[in-house]
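J.: This is the structure I want to talk about, given as structure tokens.
All of the numbers you see were taken from the coordinates with simple rules; none came from a lab. Predicted model only: the values in this text are computed from it and were never measured. As a convention, Cβ positions derive from the backbone with ideal geometry for all residues, glycine included, and neighbour counts pool all protein chains shown.
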Amino acid sequence: MDNTSSERIRRRLIFFPLPLQGHISPMLHLANILHSKGFSITILHLKLNPPNPANHPHFTFRLIVDDDFSKESFNADLVSFLALLNDKCVEPLKQALLAEGDAVACLISDAIFHFTTGVCESLRLPRIVLRTGGVCSFLAFAAFPLLLEKSYLPLRDDRLEEAVIELPPLRIKDLPVINTPHQDMLYELVQEMVHQTKASSGLIWNSFQELEETSIAKLHQDFQIPIFPIGPFHKHNVNSNSNSNSNAPSSQNHSSISWLDKQVPKSVIYVSFGSIATIEEPEFLEVAWGLASSKHPFLWVIRPGLVRGAEWLEMLPGGFLDGLNGRGHIVKWAPQLEVLAHPSVGVFWTHCGWNSTLESICEGMPMICTPCFTDQRVNARYVSHVWKVGEQIEKELNRERIERAVRRLMEEREGEEVRERALFYKEVANVCVRPGGSSYDSLSKLVKYLSFS
Ligand code: UDX
């Protein structure tokens, strides 16, 4: 593609990320990739979790709605928050797109913003969807009508261990649901996400063919639209001056790396449960004691708000860290990509958000999985039973189970085998974004498609 400024003016892409960290980061990575291919980029955003323009001086940023409602609603219930966004952003998005004029090639919208279909149709603008999760979990979302019809959903406590024969290797407890008082609203939201994705002009994935071959084949059968698995996004060799770990909160703590520098190779457990999951105090204490009794050094991300009812560390037992003699390091936020690539880290204890799962796979890092909700459950099942690059703690968290999982992955032969498979996928992930690789080719097709849309 011609990289001249006149070309850039004609080929403007408008991105509209969902205002959650796990959705904003991949969208900004995608914007960087497409900018490097000659497109001009506008990012539309809300007040909640705004991107930092200083990290992306080559993009145009526009705040489209004064969404003071969103923070309160987000803290109350995720499902009603997402429904509210889909309602309140219609007119502001329309006005923002109208203001962009004719130079726009298309809107690239998060899949959860299903309302963007109607807005784009009214403006005769193509709409491409980015689904920031994995294909495996999306297929489980797409199966919700069937799961409801066959009574797998709503979940029943006495059937959780049963296999979902239509979606192997998932069990009922692996289905991507969420604890909400508004289950019907959840089903509706998922159904709209799936329908409006089907109605889109194309679907982009932060995943790669070799990792999700079977799921991608199934997706091709069920979705008659162009599909572009071009991940892992952060592995593309993008020559851009932006901060690639795109939307880190300013509280990111650089002490993580200097602490890791002092540790023995492959000795550290890195613990993070992503940007929105919360846990109860008893679970939190089991995590703390499990880490303490594992005898391994650990780097633990405790976000303010991670523990329900706590500001930050006040629920840690008194003297907890002092008793460890420097074996534990706690931060509010870590530079995760660097942490996972650090030679001292030996295992990643994760909630299995898709970004964390993919980032771990890209570094050949074995995972201990404790999924909290939605797609994390599906991802954890695939990590432990399809890719076999980690182990899930199946029952409720307690210190003995944690200690056992750490020992198996970090000290025993089983852990070595997991590590070998993880390193295999790391190599595949590296190769797929190079010339001739599956994601590289898929990206070329996407660029061509966007250029003529
Ligand atoms: C949410 C959902 O929970 C997840 O299931 C879905 O797939 C995406 O949206 P989140 O919980 O934030 O995401 O998890 P994840 O997808 O793993 O994304 C977290 C991102 O924040 C990762 O890119 C990770 O590298 C980054 N991160 C997290 C840091 O950079 N530092 C940290 O300390 C913690």
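J.: Tell me the angle of helix 438-451 to the major Cα principal axis of the chain, expressed in degrees between 0 and 90 and rounded to the nearest ten.
T.: Computed tilt is about 30 degrees.
J.: Anything over 25 Å Cα to Cα? Flag those among K71/K332; K71/K94; K395/K426, in the order listed.
T.: Details: K71/K332 20 Å; K71/K94 22 Å; K395/K426 29 Å.
Over 25 Å apart, Cα to Cα: K395/K426.
J.: Based only on other Cβ atoms within 10 Å, what is the fewest-to-most ordering of H114, H195, H45?
T.: On the way: H114 24, H195 13, H45 21.
Lowest count first: H195, H45, H114.
J.: For the residues D66, D110, what sequence is obtained by ranking on other C-beta atoms within 10 Å, fewest first? Mind showing how you got there, number by number?
T.: Details: D66 10, D110 23.
Neighbour counts put them in this order, fewest first: D66, D110.
J.: Let me ask something else. Put +1 on the Cβ of each Lys and Arg and -1 on the Cβ of each Asp and Glu in the chain; which of I393, I361, T60 then has its Cα farthest toward the positive end of the dipole?
T.: Comparing the listed Cα positions along the dipole, T60 ranks first.
J.: Separate question: Taking the 0 to 90 degree range and rounding to the nearest ten, how far is the long axis of helix 90-100 tilted relative to the main principal axis of the chain, both from C-alpha atoms?
T.: Rounded to the nearest ten degrees, it is 60.
J.: In terms of the Cα gyration tensor, with a ≥ b ≥ c the square roots of its eigenvalues, is segment 135-222 rounded because a/c is under 1.5, prolate because a/b exceeds b/c, or oblate? Spell out each step's value before the answer.
T.: Details: a/c = 2.19, a/b = 1.35, b/c = 1.62.
Oblate.
J.: How far is the Cα center of segment 150-166 from the Cα center of segment 23-87, in Å?
T.: 35 Å
J.: Further question: Over the chain, calculate the relative contact order: mean separation of alpha carbon pairs under 8 Å at least 6 apart, over the residue count, as a percent. Kindly include the intermediate steps, with their values, before the conclusion.
T.: Working: 794 pairs, mean separation 73.1, N = 453.
So the answer I get is 16 percent.
J.: Run the helix sum for the chain: -39,500 (n - 2.57) per DSSP H stretch of 4+ residues, divided by residue count, reported at 222 nm to the nearest 500 deg cm²/dmol.
T.: Details: 18 runs with 193 residues, N = 453.
When only DSSP H runs of four or more count, the value is -13000 deg cm²/dmol.
J.: Using alpha-carbon pairs under 8 Å, 6+ residues apart, how would you state the relative contact order of segment 255-430 in percent? Spell out each step's value before the answer.
T.: Numbers: 307 pairs, mean separation 44.4, N = 176.
With pairs under 8 Å counted, the relative contact order is 25 percent.
J.: Sort I43, I225, I204 by Cβ crowding within 10 Å, fewest neighbours at the top.
T.: Values: I43 23, I225 15, I204 28.
Listing I43, I225, I204 from fewest to most nearby Cβ atoms yields I225, I43, I204.
J.: Here's something else I'd like to know. Enter the mean projected area of the convex hull around the alpha-carbon atoms of segment 255-430, in nm², rounded to one decimal. Intermediate values should be presented prior to the final figure.
T.: Working: hull surface 36.6 nm².
Computing the convex hull of the Cα atoms and averaging its projections yields 9.2 nm².
J.: Follow-up. Summarise the long-distance tail of P(r) for the chain by giving the % of C-alpha pairs beyond 43 Å.
T.: Numbers: 10856 of 102378 pairs.
So the pairs more than 43 Å apart make up 11 percent of the total in the chain.
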